[in-house]
Amino acid sequence: PPKSDLESAAQDIAAKMGMPYELVRAVIEQESQWNPAAQGSQGEVGLMQIMPKTHTGAPYMAGISNLGNYNQNLQAGVGYLKHLLEKFGGDYRKALQAYNAGPDDALAGPQHPSHGYATQVLGRMGGF
């Protein structure tokens, strides 16, 4: 699909889930550069580079059966991001670090790679 369709879908899903589109957009740019067919070296899939094994059975995965489908990938990724923001009290940096490396790494210090990831995503948002 054209990037404009992907952006529109991301905007719609972010709005439905009460998530800031700028955050969702920045994560997509960092993770896949808007490539819905992106595949990561660890098995990550799609626009938001979701790890299927990690998220099986999570509440935000309800109704999602194909992470290769960009709408379902967005629903899973935005749902996971929302879950992390709620878990970390709205702290974008901690939520992004957890999105990148897992919830246990959300409190990692500046030397951890997830800290750099969060800094890059926040930079894509204009330093939010």
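Would you mind telling me which numbered condition in (1) hydroxyl-bearing (Ser, Thr, Tyr); (2) open to solvent by 40 Å² or more (accessible area, probe 1.4 Å); (3) under 21 Å from Leu85 (Cβ atoms) Ser32 fails?
All conditions pass for Ser32, except number (2).
Out of all the residues in the stretch 73-94, which are within 14 Å of Gly18 (Cβ to Cβ) and surrounded by fewer than 18 Cβ atoms within 10 Å (Cβ to Cβ)?
Hits for the stretch 73-94 are Glu86, Gly90.
So for the stretch 38-48 (the condition being among the polar types (S, T, N, Q), at pLDDT 95 or above, within 15 Å of the chain's Cα centre (by Cα) and surrounded by fewer than 17 Cβ atoms within 10 Å (Cβ to Cβ)), does at least one residue qualify? Talk me through it step by step, then tell me what you get.
Narrowing the stretch 38-48 to residues among the polar types (S, T, N, Q): 39, 41-42.
Then drop every residue that is not at pLDDT 95 or above, which leaves 39.
Pick out the ones that are also within 15 Å of the chain's Cα centre (by Cα) and you get 39.
Still in the list and also surrounded by fewer than 17 Cβ atoms within 10 Å (Cβ to Cβ): 39.
Scanning the stretch 38-48, I find at least one residue that is among the polar types (S, T, N, Q), at pLDDT 95 or above, within 15 Å of the chain's Cα centre (by Cα) and surrounded by fewer than 17 Cβ atoms within 10 Å (Cβ to Cβ), so the answer is yes.
Within the stretch 56-78, work out how many residues are outside any loop (DSSP other than H, G, I, E, B) and among the β-branched types (Val, Ile, Thr).
Step one: list which residues in the stretch 56-78 are outside any loop (DSSP other than H, G, I, E, B), which gives 59-61, 70-78.
Among the residues that remain, those that are also among the β-branched types (Val, Ile, Thr) are: 78.
The number of residues fulfilling the criteria is 1.
Regarding the stretch 17-37, can at least one residue be identified that is out of contact with any Asp or Glu (no Cβ under 8 Å at 6 or more places or on another chain), charged (D, E, K, R) and at pLDDT 95 or above? Lay out the reasoning, then the answer.
First, the residues of the stretch 17-37 that are out of contact with any Asp or Glu (no Cβ under 8 Å at 6 or more places or on another chain): 17-24, 26-30, 32-33, 35-37.
Then keep just the ones that are charged (D, E, K, R); that gives 22, 29.
Checking the rest, the ones that are also at pLDDT 95 or above come to 22, 29.
Yes, there is a match, as at least one residue in the stretch 17-37 is out of contact with any Asp or Glu (no Cβ under 8 Å at 6 or more places or on another chain), charged (D, E, K, R) and at pLDDT 95 or above.
Mind checking whether some residue in the stretch 69-77 is among the small types (Gly, Ala, Ser), without any contact (Cβ under 8 Å) to a residue 60 or more places away in the chain and farther than 19 Å from Val121 by Cβ?
Step one: of the stretch 69-77, the residues among the small types (Gly, Ala, Ser) are 76-77.
Keeping just the survivors that are without any contact (Cβ under 8 Å) to a residue 60 or more places away in the chain gives 76-77.
Adding the requirement that they be farther than 19 Å from Val121 by Cβ leaves none.
Checked against the condition, which is being among the small types (Gly, Ala, Ser), without any contact (Cβ under 8 Å) to a residue 60 or more places away in the chain and farther than 19 Å from Val121 by Cβ, the stretch 69-77 yields no hits at all.
What pairs come out if I take residues in the stretch 14-37 that are under 9 Å from Val121 (Cα atoms) and pair them with residues that are open to solvent by 50 Å² or more (accessible area, probe 1.4 Å) whose C-beta lies under 6 Å away, six or more apart or interchain?
Ala26/Arg124; Glu29/Arg124; Gln30/Gln120
The values are calculated or read from the model by the stated rules, or taken from the named source; none is laboratory data. Keep in mind that what you see is a predicted model, and the values were worked out from it rather than measured. Cβ atoms come from the backbone with ideal geometry, glycine included; neighbour counts cover every protein chain shown. Keep in mind that these areas ignore ligands, DNA and RNA; they rest on the heavy atoms of the full protein, side chains included. Shrake-Rupley method; radii C 1.70, N 1.55, O 1.52, S 1.80 Å.
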